Every structure is written in C-alpha cells, then in structure tokens.
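Colleague: Following this message is one structure expressed as structure tokens.
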Amino acid sequence: MHIMEGFLPAGHALAWTCISAPFVVAGGRSLRRTRAEKPEARLPIAAAAGFTFVLSALKLPSVTGSCSHPTGTGLGAIQFGPGLMAVIGTIVLLFQALLLAHGGLSTMGANVFSMAIAGPWVAYGVWNLARKLGASAAIAVFLAAFLGDLATYCVTSLQLALAFPDAQSGFAGAYAKFAGIFAVTQLPLAAAEGLVTVVVMNALGQLQPRLKGAEA
Amino acid sequence: MSARTNSLLLGLAALIIAAPLILDPKAEFGGTDDAASAVVTATNPGYEKWTGPLWQPAKEMEGLLFALQAAFGAGLLGYVIGRRHGRDGK
C-alpha cells in the first residue's frame, strides 16, 4: 500500500496531506484523553501499536506470485476506535519512509489516509455492524480485520487511479489495473491477518463476553 | 476460545501464507508497491518523479531495519500478553 516517494503529482500529494492531517491531530487528542481517563488502557494500546509494527514489517507471499504486507490496524481500531490508529499508523509510516525508503514524505498524506485512516475506520464500522447483527466476537473481529486490511489496499488503488487515469479507459480502467495488483494480492494476506487478529484479541483477553464493544 | 482453537487458527494462517510458496516455488514474489510504481512509469511516460527518498538503505540494511521493526513490535506485544497471563496465573 505504500505509494513510493515522488509517485504522486504534487497537487495530489498536497491534497491527501490536507485530508489526512485533521484525522491524525484528532487521533492524538483522543489518545491523550484515553490515557488520562483510563490509565489501565496503556498496556492494550501498547499491544495494538506492537501488533501494527510487526504486521506491517512482514512482506508475505501471495497466490499472485507477488508479495505484500498486512497492516495490523484492525486490532487497535476495534478496541479503541479508529482515532488511535491514525497516530500509530503515522508513526509506522514515518519510520518506514525515513529509514527504509519505503513510501515517502511527499506521499505520506496519501499513505496515512489508506493505512491509518480508511483501514481502521472500515474495521471499526464492520466490527460494530457485525456485533449489532449478532455475530460472535470472534467472527466480528475476523471480518473487521479482514475488510479493514483489504480497504487499505483498495484506497491505495483509488489514489493511484485518480492521479494516473488510463489514456483510453480513464479512471475505471486505471482502478481495475491498480486493484488487480494490490487488492487481489491482498485477499489471502488479509484473511491471514483476520485469523491472527482473532488469536491475539483472545490472548489479550478481549474476546470474553464482558466485552461490550469499542468506544470511540 | 480454547488453546486448540488458537492453534488451529494460527495453523490455518500459516497455511495461507505458505501455500503460494508450495504451489509456485518459482514465482518472483516481487513487492506490489514496486509493481504499481512500474505500471505508473510504463503507462505515463510523460510523468516525471519530482522528488526521491532522502536516503536509501543498502539491501541487507533494509532487511535489518524491517527485522528491527518487527522485533520491536513483537517485543511490545509479547510483554503485554505475558504480563496479563502472569497476573491471571497468581
């Protein structure tokens, strides 16, 4: 999901930065509030950050013969709402852009939007919806992490298609092309992330019936 | 969820990741990020990259930094899970 440094026209890069910035600022505020009001949340927040650090470092092989990495943002979004993940995801992306030449500063806004905002919001929405529809916590966690991961890669495809529409088939053709690279490769990886997220939620003691659902 | 269910889910996840290596061991497994960049370059010959990375780690150093990122994350996660289980065990 990393759009590489310089691979978005300056206007697009700036626009995505302006869209993402308020989410990250609001996420920082909500993180500070959560830490002040619920000191006992510090450890689970650290676990959510750790999970994102591990999963987004793992480039895994997929059936398409390419490899890609999961995002790990679903776990924290389910427990603490998507705001927290905007902050954690940005930290991970900054580390990768500055030290690994993976992603970039000019494309930071776009990458933050796909991995740290869109993915967590989808995961959070799917989690709440699945619980309302009566799914068990384990099933809801799986669906949230799976679809959140996939959403990140669909948004990356959208961002690239907006910036580089196909000469003949326009935006739709370009979207199909980029989604063919990103989203198809991601399907099995997102399923694996969903399964691992369920196991980690369980290990963190968050799958017990007392769990009432995440608070924003 | 029982320990058995956990192992089953982790095993299934491992199988999903290992399957491509078994089905097509000769595949290149190149990164999708680079594939997308290549498509942009190929279909938009007029586009000029207007900025580049500040610095680029050597191949082996890149592996080191990715491993550090994963190790840091795994350490954090393991610490929290371990603390919880230690507390519950008392």
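Read-outs throughout are calculated quantities, based only on the coordinates presented, and are distinct from any laboratory measurement. No experiment lies behind these values; they were computed from the predicted model shown. Reconstructed Cβ throughout: ideal geometry from the backbone, glycine too, with neighbour counts over all protein chains shown.
Colleague: Where does helix A:170-203 land angle-wise versus the long Cα axis of chain A, in degrees 0 to 90, nearest 10?
Modeller: Between helix and principal axis, roughly 20 degrees.
Colleague: If r is the Cβ-Cβ distance from A:Val25 to B:Asp88 and R0 is 41 Å, what FRET efficiency results, to the nearest 0.05?
Modeller: FRET efficiency, A:Val25 to B:Asp88: 0.65.
Colleague: Assuming R0 = 45 Å, can you tell me the calculated FRET efficiency for the pair A:Ile139 and B:Leu68, based on Cβ-Cβ distance, to the nearest 0.05?
Modeller: Approximately 0.85, to the nearest 0.05.
Colleague: Please label the shape of the stretch B:1-44 as rounded, prolate or oblate, based on the square roots a ≥ b ≥ c of the eigenvalues of the alpha-carbon gyration tensor (a/c under 1.5 means rounded; beyond that, a/b larger than b/c means prolate, else oblate).
Modeller: Verdict is oblate for the stretch B:1-44.
Colleague: How much length, in nm to one decimal, is gained on full extension between B:Asn6 and B:Asp34, taken as 0.36 nm per residue of separation minus their Cα-Cα distance?
Modeller: Details: separation 28, 0.36 × 28 = 10.08 nm, distance 3.46 nm.
Roughly 6.6 nm would be gained on extension.
Colleague: Given a Förster distance of 35 angstrom, what is the FRET efficiency for B:Leu21 paired with A:Ala36, based on the Cβ-Cβ distance and rounded to 0.05?
Modeller: Once the sixth-power term is evaluated, E becomes 0.15.
Colleague: Same structure, new question: With a 10 Å Cβ neighbour count serving as the proxy for reagent exposure, in which order, fewest first, do A:Leu160, B:Leu54 appear? Write down the numbers at each step before the final one.
Modeller: Details: A:Leu160 26, B:Leu54 12.
Placing the least packed residue first, the sequence is B:Leu54, A:Leu160.
Colleague: Report, by chain and number, residues whose modeled amide H sits under 5 Å from the one on B:Gly31, excluding near sequence neighbours (fewer than 5 apart, same chain).
Modeller: A:Cys67
Colleague: Here is a follow-up. Can you show me the helix-derived [θ] at 222 nm for chain B, built from DSSP H runs with n ≥ 4 at -39,500 (n - 2.57) apiece and divided by the number of residues, rounded to the nearest 500. Walk me through the intermediate numbers first.
Modeller: On the way: 3 runs with 64 residues, N = 90.
Helices in chain B give a 222 nm mean residue ellipticity of -24500 deg cm²/dmol.
Colleague: In whole Å, how far is the Cα centre of the stretch A:89-145 from that of the stretch B:35-85?
Modeller: Each part's Cα centre sits 16 Å from the other's.
Colleague: Could you list the trypsin sites (Lys or Arg not before Pro) in the stretch A:117-216 that lie in coil according to DSSP, counting only those with at most 14 other Cβ atoms within 10 Å of their Cβ?
Modeller: Sites meeting the loop and neighbour criteria: A:Arg210, A:Lys212.
Colleague: About the Cα centre of the protein assembly as shown, what is the dipole size in debye to 20, counting +1 per Lys and Arg Cβ and -1 per Asp and Glu Cβ, all else neutral? If you can, show how the numbers build up before the last one.
Modeller: Working: 20 positive and 15 negative charges, 277 e Å.
That gives the protein assembly as shown a dipole magnitude of about 1340 debye.
Colleague: Which shape class applies to chain A: rounded if a/c is under 1.5, otherwise prolate when a/b exceeds b/c and oblate if not, where a ≥ b ≥ c are the square roots of the Cα gyration tensor eigenvalues?
Modeller: Cα axes put chain A in the prolate bin.
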